[in-house]
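Novice: Would you mind keeping the following structure in view while I ask a few things?
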There are 2 protein chains.
Amino acid sequence: MIANSVGDPSVTIENVSVNKSFDGWHKQYSHRSSVLNCEMRFAIYLPPQASNGEKVPVLYWLSGLTCTDENFMQKAGAQALAAELGIAIVAPDTSPRGDDVADDEGYDLGKGAGFYVNATQVPWSRHYQMYDYVVDELPKLIESMFPVSDKRSIAGHSMGGHGALVIALRNSDTYQSVSAFSPISNPINCPWGKKAFTAYLGRDTKTWSDYDASVLMRQATSFVPALVDQGDGDNFMVEQLKPEMLEAAASVSGYPLTLNIREGYDHSYYFISSYIENHLRFHAEHLKK
Amino acid sequence: MIANSVGDPSVTIENVSVNKSFDGWHKQYSHRSSVLNCEMRFAIYLPPQASNGEKVPVLYWLSGLTCTDENFMQKAGAQALAAELGIAIVAPDTSPRGDDVADDEGYDLGKGAGFYVNATQVPWSRHYQMYDYVVDELPKLIESMFPVSDKRSIAGHSMGGHGALVIALRNSDTYQSVSAFSPISNPINCPWGKKAFTAYLGRDTKTWSDYDASVLMRQATSFVPALVDQGDGDNFMVEQLKPEMLEAAASVSGYPLTLNIREGYDHSYYFISSYIENHLRFHAEHLKK
C-alpha cells in the first residue's frame, strides 16, 4: 500500500503488477473509488522520462465493451512511441466492479459496459458513475501519486471513443486533444446506446443528449482538436457507430475534427495498433504546446 | 474451404478469421494435421508485399507454455516492422488439440505444453509430434498455400525459444537464422524440462539430448546465426531458463550466438514487445541475403 502524497491521507492505492516496457514501466494498481463506491483497478504506462525527474503529460485511454484496463496495454502497441514521446498513458476499467455491483446478462449493459455516464436510475446509480470517475476522481489520484503534469488528453475505442469524445466536448478547458477509434458517435440513435441510456439514464430521452458526441459537437462553441479513425470493414459501422453523424455535426459548428475512413480495417485491436502511432503523434503535438 | 494448390488434393485448410493489419493481413486457419492426428489452428501475418505478387520469406514463431497462435499476434507488436520489412510470420499452436488428445492437470504438460518434441511414450505418442509438425508438415502447407518463398527463420519464447533453438540446431540447412526470448536453454537440467521429457520421451535420459539446445550447441559443427534476449528480472531465469548454459555451450563450439541480458525485464510479452524490433531486423538481414 502506498499512501497518497497529497489530499486525503486515507486514500491508498495498491500495486498489483509491474512490467518493464521500452525502458519505462507498465503498472497496475487497485484503489477504493469513493465515486464508484467499489474497488477499482487501473493501468498506467510511465515512459522512461518519468523515471528521470520529468513530469510527463498524460493520455487517458477509455476501452470498449467487455474490456478492462488490460486490452489496450497488451494489444495496442502504444508503449514504443509513448516512450519516445515521453507521454504517460492511463487506462481505467470500463465499469465499476465487484460482487455487489449491479449487472446484466448482456455484454452491452452492466459490468464491462459503463458507457462513461453518471447513472440516475436504480439499481445502476449506486455504482455506475463512470463519467465523474474518469473526469474527476481518477485524474486527481494520478496527478497526486505519479510524476505527471496536469496536461491531459483523452482517447478511446468504440464505447470508449464515445466516452472520450463526450468528456472532451464537455470539458474543453481540461483536455488538450481528443481522439477515437471507431467511436459510438451518436448513441441516442443506435441500439447499444438506446439500451444503455434507457437503463442508466431512464426513459426520458431529454437527459440523453448530454452524453451524445454528435449532439454536443453540433452545439459546440469551444473546441478541443479531434481525430477519429474508422475502418470501413467494421461490421458495427452502419448500425452502431454512425461516423457520418459526427462529421455532419462538425460541419455545423465548424468543429476541428479530422475523420479518416480506413479501407478494409475492422473493429479489432489489429486496426487500433495499425494507426495508434498517428494518434499518439497527434496528442503529443497538443500536449507539448 | 480452400483446396491445396499442390500436392495432396485432399488437404484443405479453413479460414477462421481475417483482420487487416498495417496494410497486410492477419489470418487464422484450421486444418487437419496428419502428423498430429488432430485438427490444428495456426495464424499467419502476410505483409502488404505478399498482396503485390511478391513471394516473401517466413519467420516461424513458437510460443511458450499455455499459449495458442494468438498470444504473439495480439501482444508482440511485430506487424508494424514485418510489414515494413516484407516478412510473413507464422504462429502455430503449442500442442495438439481436441477432446481425444491426452492431457495433464498441470499447465506445463499436455495441451498447451507440447515442448516441440516427438513423443515416444504412451499415451502422448499418438498426437504429440510437434517437432515433425513444425519442421515438416506446417512449412510444406504454408509454402503450398501462401505467397511465400522457401526462405525460413525461426524464433520463440520460453518453451518456444527452446523449440526454435533445437529446430535450428538440428536443421542448419533449412533456417537462415534463429532467435529466442527467455528460452528454456537446458531442459534436461531444469524442472519444466525434466517433467515434460520424462512424460514424452521416457525415463531413459539418453534420448533427451536431441532436444536440448545447450547440448546441441556444444556439439555443433554447422551454424545458424543465433540471437537470444533474456531479462534479468525474469523469475524463471535461474531455476528454469539457465541462459549461462547456452553461452557456455556456444563458447565451446564457437557458435555464432549473441546473448543479451536486459536489465529489469521480466518473462512477459511486455519484454518481447520491447525488443521484437531487434529480432525482426536480425532475421531480415539473414532472410534477405
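Novice: Does segment B:203-218 contain at least one residue that is in contact with a Gly (Cβ under 7 Å, 6 or more places away or on another chain) and under 29 Å from B:LYS75 (Cβ atoms)?
Specialist: Keep residues of segment B:203-218 that are in contact with a Gly (Cβ under 7 Å, 6 or more places away or on another chain), which gives none.
Within segment B:203-218, not a single residue is in contact with a Gly (Cβ under 7 Å, 6 or more places away or on another chain) and under 29 Å from B:LYS75 (Cβ atoms).
Novice: Which members of segment B:250-278 meet the condition of being away from every other protein chain (no Cβ under 14 Å), assigned to a helix (DSSP H, G or I) and under 21 Å from the mean Cα position of the chain (by Cα)?
Specialist: B:ALA250
Novice: Taking the residues in segment B:263-289 that are more than 15 Å from B:SER179 (Cβ to Cβ) and among the basic types (Lys, Arg) as candidates, determine which candidate is surrounded by the most Cβ atoms within 10 Å (Cβ to Cβ).
Specialist: My answer is B:LYS288.
Novice: Among the residues of segment B:159-209, which ones are surrounded by 24 or more Cβ atoms within 10 Å (Cβ to Cβ), farther than 22 Å from B:PRO139 by Cβ and among the polar types (S, T, N, Q)?
Specialist: Answer for segment B:159-209, where residues must be surrounded by 24 or more Cβ atoms within 10 Å (Cβ to Cβ), farther than 22 Å from B:PRO139 by Cβ and among the polar types (S, T, N, Q): B:SER182, B:SER185.
Novice: Which one of these does A:LYS111 not meet: (1) out of contact with any Pro (no Cβ under 9 Å at 6 or more places or on another chain); (2) free of Cβ contacts under 8 Å to residues at least 40 places away in the same chain?
Specialist: The failed condition is (1).
A quick yes/no check of all residues on (1) at pLDDT below 95; (2) surrounded by 23 or more Cβ atoms within 10 Å (Cβ to Cβ); (3) away from chain A (no Cβ under 14 Å):
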{"site": "B:THR68", "(1), (2), (3)": "no, no, yes"}
{"site": "B:ASN71", "(1), (2), (3)": "no, no, no"}
{"site": "B:GLN74", "(1), (2), (3)": "no, no, no"}
{"site": "B:GLU84", "(1), (2), (3)": "no, no, no"}
{"site": "B:ILE87", "(1), (2), (3)": "no, yes, yes"}
{"site": "B:GLY106", "(1), (2), (3)": "no, no, yes"}
{"site": "B:ASN118", "(1), (2), (3)": "no, no, yes"}
{"site": "B:TRP124", "(1), (2), (3)": "no, yes, yes"}
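Novice: Taking into account only those residues within segment B:32-55 that are crowded, with 21+ Cβ neighbours inside 10 Å and of a type outside the set (A, V, I, L, M, F, W, C), which is farthest from B:LEU81 (Cα to Cα)?
Specialist: If we take residues in segment B:32-55 being crowded, with 21+ Cβ neighbours inside 10 Å and of a type outside the set (A, V, I, L, M, F, W, C), then B:SER33 is farthest from B:LEU81 (Cα to Cα).
Novice: Please go through (1) surrounded by fewer than 21 Cβ atoms within 10 Å (Cβ to Cβ); (2) within 14 Å of chain B (Cβ to nearest Cβ) for A:PHE236 and return the number of the only condition it doesn't satisfy.
Specialist: Status for A:PHE236: all satisfied but (2).
Novice: Restricting to segment A:70-111, give me the number of residues that are over 14 Å from A:TYR269 (Cβ atoms) and assigned to a loop (DSSP other than H, G, I, E, B).
Specialist: Total meeting the criteria: 20.
Novice: Residues that are at pLDDT below 95 and away from chain A (no Cβ under 13 Å): find the strands (runs of 3 or more DSSP E) completely inside segment B:1-55 holding 1 or more of those.
Specialist: Of the strands (runs of 3 or more DSSP E) lying wholly inside segment B:1-55, those with at least 1 residues that are at pLDDT below 95 and away from chain A (no Cβ under 13 Å) span B:12-21.
Novice: Looking only at segment B:237-289, how many residues end up being acidic (Asp, Glu) and within 19 Å of B:GLN74 (Cβ to Cβ)?
Specialist: Adding up the residues that qualify gives 2.
Novice: Kindly indicate whether any position in segment B:275-288 is among the basic types (Lys, Arg), under 18 Å from B:ILE154 (Cβ atoms) and modelled with pLDDT under 95.
Specialist: Here is the first cut: in segment B:275-288, the residues among the basic types (Lys, Arg) are B:281, B:288.
When the remaining residues are screened for being under 18 Å from B:ILE154 (Cβ atoms), the result is B:281, B:288.
Then keep just the ones that are modelled with pLDDT under 95; that gives B:288.
Within segment B:275-288, one or more residues are among the basic types (Lys, Arg), under 18 Å from B:ILE154 (Cβ atoms) and modelled with pLDDT under 95.
Novice: What are the residues in segment A:264-273 that are more than 19 Å from B:ASN71 (Cβ to Cβ) and free of Cβ contacts under 8 Å to residues at least 60 places away in the same chain, if any?
Specialist: Answer for segment A:264-273, where residues must be more than 19 Å from B:ASN71 (Cβ to Cβ) and free of Cβ contacts under 8 Å to residues at least 60 places away in the same chain: A:GLY264, A:TYR265, A:ASP266.
The values are calculated or read from the model by the stated rules, or taken from the named source; none is laboratory data. Since the model is a prediction, treat every value here as computed from it, not as a measurement. Cβ sites come from the backbone with ideal geometry, for glycine too, and all protein chains shown count toward neighbours.
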